[in-house]
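Trainee: Below is one structure. I have some questions about it.
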Amino acid sequence: MTTASSAPRLLVVDDEPDLRTLYELTLLREGYEIDSAGSVAEALAQLNARPYSAVITDMRLPDGSGLALLRWLEQAGRPEKAVVITAFGSAENAVEALKAGAFDYLTKPVDLRQFRLVIGSALGRVAPAPPAAAPAVAADGPTAPRLVGESPAIRAVRSLIDKVGRSMAPVLVQGESGTGKELVARAIHDHGARAGERFVAVNCGAIPENLLEAEFFGYRKGAFTGANEDREGFFQAADGGTLFLDEIGDLPLAMQSKLLRVIQERSVRPVGATAESPVNVRILSATHKDLSAEVAAGRFRQDLFYRLNVIQIRVPPLRERLEDLGLISARVLARIAQDAGVSPTPRLTAGALQTLSRYAFPGNVRELENLLHRALALAGGEWIDAGDLGLPDALLDGDRSESQFAALDTPVAAAPVAEGLSLPEQLPGDLAQYLDEVERAILLRALEAHRFNRTAAAASLGLSLRQIRYRMARLAISAAES
């Protein structure tokens, strides 16, 4: 009977004895225990005999492909992490391996530094670099609970997140603006081995072109005017964790080329530095653009697109999952009410939910949040009715059948409808700005009528003093306007 050992045991599969020996010696020096095989049949015999921490396999083997081992591991429900070694330039094989469940892949000739790094990462033995201060970095936070909904569309997204979270495969998240692409990326991070490490989110479209290289890769003191100290970039900040590149389609071609090299080499050279430093980062990216069309138009590098688009997750727009409106709205209202100090949390009436269901939501969940933010401010009570939403009939798509509201879980109650509001002759170009202006005008009229006595003005609108203070602060209304 085999005695259990504290050192991870790995299985190395390669039909070339010299390469197999090289991999074995490299891993033995790292403190691993090693078994080896020269074919698919030998590897399966070893796997049937005992479990391993990881399997490192060449793609081409005398009696088959390394993909056969990956599929066997997947079908058998085995926990081993798999790392695949492919011939240089075989991008299609690498993509196929990642989709088959490989944790990561390496290309021949194998760089032993990268080899050790990838194996260590697969086994959770790579210590991340100390967190570095960097602009545009989002803090970690619970994410999976924010992916609210039980529609088939969002369930499919959650299923993909569970699957891809286990690997190092690059994921491209596509969807319209406001659909929650960053939430999906955070959920992938939270479901993987890197959940305890940094999640660094970068908006590629928000960084001036002349600062991109310094922000991404860092710089050394004296590299350019104003570089008074060494500074690490996004890649170094995310070392050991996940780097999320939002709106990747906005990167200029010159920066795309540099990004591709970093992804391939797994190392960065800060501006002004003479040597490269290895980085252990998982890349997730997102865009609202059709990157394949951008490639065809010459605005996005094809080789970078293939690197990023190993696995694609499409986030559905809100109009394709309207059955989730009740759950999403309840979650959003709870958060807004908590931030504003409003208790109890206001709820939507059936009429309000029906009105929301007739709206197309071109801004998706982000627009819903803004709309509910405003509705909570205007309602001033426990219930939010259709009139509080401020959606003109001209923006609604017409009545829906009752069956379409049966699955919307929301309390039903009567609530007063706002009266005395007239619609503009022309539809506003910016609905959010228009509604802010309407709300501001109403508040100012009430305040002026009561000589800016906030308590009296609030009472005339059915608001509490705390609620009117909150609205005045949000709309930048001060006593000076009287």
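Trainee: Go through the range 450-468 and report how many residues are in contact with a helix residue (DSSP H, G or I) (Cβ under 7 Å, 6 or more places away or on another chain) and assigned to a helix (DSSP H, G or I).
Mentor: 8
Trainee: I would also like to ask the following. May I ask you to say which residue of L28, L47, L69 is in a helix (DSSP H, G or I), without any contact (Cβ under 8 Å) to a residue 60 or more places away in the chain and open to solvent by 50 Å² or more (accessible area, probe 1.4 Å)?
Mentor: Exactly one of L28, L47, L69 is in a helix (DSSP H, G or I), without any contact (Cβ under 8 Å) to a residue 60 or more places away in the chain and open to solvent by 50 Å² or more (accessible area, probe 1.4 Å), namely L28.
Trainee: Next up: Can you work out which of the residues in the range 72-89 that are among the small types (G, A, S) and open to solvent by 30 Å² or more (accessible area, probe 1.4 Å) is nearest to D15 (Cα to Cα)?
Mentor: A87
Trainee: One residue is enough: does the range 318-333 have a residue meeting the conditions under 30 Å from R261 (Cβ atoms), in a helix (DSSP H, G or I) and over 22 Å from the mean Cα position of the chain (by Cα)?
Mentor: Taking every residue of the range 318-333 in turn, none turns out to be under 30 Å from R261 (Cβ atoms), in a helix (DSSP H, G or I) and over 22 Å from the mean Cα position of the chain (by Cα).
Trainee: Identify the residue in the range 334-352 that is within 25 Å of S177 (Cβ to Cβ) and out of contact with any helix residue (DSSP H, G or I) (no Cβ under 6 Å at 6 or more places or on another chain) and, among all such residues, is surrounded by the fewest Cβ atoms within 10 Å (Cβ to Cβ).
Mentor: It comes out as D339.
Trainee: Moving on to the next point. Condition first: within 26 Å of the chain's Cα centre (by Cα) and open to solvent by 50 Å² or more (accessible area, probe 1.4 Å). Now tell me which residues in the range 357-396 satisfy that.
Mentor: If the condition is that a residue be within 26 Å of the chain's Cα centre (by Cα) and open to solvent by 50 Å² or more (accessible area, probe 1.4 Å), then A360, P362, R366, E369, N370, H373 are the ones that fit.
Trainee: While we're looking at this one, here's another question. Which residue is farthest from I283 (Cα to Cα), if the candidates are limited to the range 210-229 and must be touching a helix residue (DSSP H, G or I) at 6+ places or on another chain (Cβ under 9 Å) and surrounded by 18 or more Cβ atoms within 10 Å (Cβ to Cβ)?
Mentor: Filtering the range 210-229 for residues that are touching a helix residue (DSSP H, G or I) at 6+ places or on another chain (Cβ under 9 Å) and surrounded by 18 or more Cβ atoms within 10 Å (Cβ to Cβ), the one farthest from I283 (Cα to Cα) comes out as Y219.
Trainee: May I pose another question? Just to be sure, is A275 over 20 Å from V171 (Cα atoms), open to solvent by 40 Å² or more (accessible area, probe 1.4 Å) and at pLDDT 90 or above?
Mentor: So A275 does not fit the description; no.
Trainee: Now a separate question. Name every residue in the range 461-475 that is at pLDDT 80 or above and either of a type in the set (F, W, Y) or more than 15 Å from A379 (Cβ to Cβ) (or both), in order of residue number.
Mentor: M472, L475
Trainee: Can you confirm whether the range 5-16 contains a residue that is within 21 Å of L123 (Cα to Cα), exposed (fewer than 14 other Cβ atoms within 10 Å of the Cβ), of a type outside the set (A, V, I, L, M) and modelled with pLDDT under 90? Lay out the reasoning, then the answer.
Mentor: At the first step, the residues of the range 5-16 found to be within 21 Å of L123 (Cα to Cα) are 5-14.
Now drop any that are not exposed (fewer than 14 other Cβ atoms within 10 Å of the Cβ), which leaves 5-7.
Of the ones still in play, those that are also of a type outside the set (A, V, I, L, M) are 5-6.
Narrowing further to those that are modelled with pLDDT under 90: 5-6.
So far as the range 5-16 goes, yes, one or more of its residues are within 21 Å of L123 (Cα to Cα), exposed (fewer than 14 other Cβ atoms within 10 Å of the Cβ), of a type outside the set (A, V, I, L, M) and modelled with pLDDT under 90.
Trainee: For the range 348-396, which helices (runs of 4 or more DSSP H) that fit wholly inside it have 3 or more residues that are over 15 Å from V332 (Cα atoms)?
Mentor: Fully inside the range 348-396 and qualifying: 350-357, 386-389.
Trainee: Say whether the condition of being touching a strand residue (DSSP E or B) at 6+ places or on another chain (Cβ under 6 Å), modelled with pLDDT of 90 or more and among the hydrophobic types (A, V, I, L, M, F, W, C) is met by at least one residue in the range 294-305.
Mentor: no
Trainee: How many residues does the range 278-308 hold that are closer than 24 Å to G240 by Cβ and either open to solvent by 40 Å² or more (accessible area, probe 1.4 Å) or among the acidic types (D, E) (or both)? Full working, then the answer.
Mentor: Within the range 278-308, the first condition is being closer than 24 Å to G240 by Cβ, and the residues that meet it are 278-286, 304, 307-308.
Still in the running and either open to solvent by 40 Å² or more (accessible area, probe 1.4 Å) or among the acidic types (D, E) (or both): 278, 307.
Of the residues in the range 278-308, 2 are closer than 24 Å to G240 by Cβ and either open to solvent by 40 Å² or more (accessible area, probe 1.4 Å) or among the acidic types (D, E) (or both).
Trainee: For the range 232-253, how many residues are farther than 24 Å from L106 by Cα and out of contact with any helix residue (DSSP H, G or I) (no Cβ under 8 Å at 6 or more places or on another chain)?
Mentor: 2
Trainee: Then there is this: Can you tell me how many residues within the range 194-209 are touching a residue at least 60 places away in the same chain (Cβ under 8 Å) and touching a helix residue (DSSP H, G or I) at 6+ places or on another chain (Cβ under 8 Å)? Step through it out loud before you land on a result.
Mentor: Looking only at the range 194-209, we keep the residues that are touching a residue at least 60 places away in the same chain (Cβ under 8 Å), and these are 194, 197-203, 206-207.
Restricting the remaining residues to those that are touching a helix residue (DSSP H, G or I) at 6+ places or on another chain (Cβ under 8 Å) gives 198-202, 207.
Looking only at that region, the number is 6.
Trainee: Only one of A193, A237 is open to solvent by 50 Å² or more (accessible area, probe 1.4 Å) and either under 18 Å from the mean Cα position of the chain (by Cα) or among the hydrophobic types (A, V, I, L, M, F, W, C) (or both); which?
Mentor: Just a single option satisfies the conditions, and that option is A193.
Trainee: For the condition small (G, A, S), in contact with a Cys (Cβ under 9 Å, 6 or more places away or on another chain) and without any contact (Cβ under 8 Å) to a residue 60 or more places away in the chain, what is the one hit in G272, G249?
Mentor: Just one listed residue meets the conditions, G249.
The values are calculated or read from the model by the stated rules, or taken from the named source; none is laboratory data. What you see is a predicted model, and the numbers here were worked out from it, not measured in a lab. Note that we place each Cβ from the backbone using ideal geometry, even for glycine, and neighbour counts take in every protein chain shown. Just the protein is used for accessible areas: all its heavy atoms, side chains included, with ligands, DNA and RNA removed. Shrake-Rupley method; radii C 1.70, N 1.55, O 1.52, S 1.80 Å.
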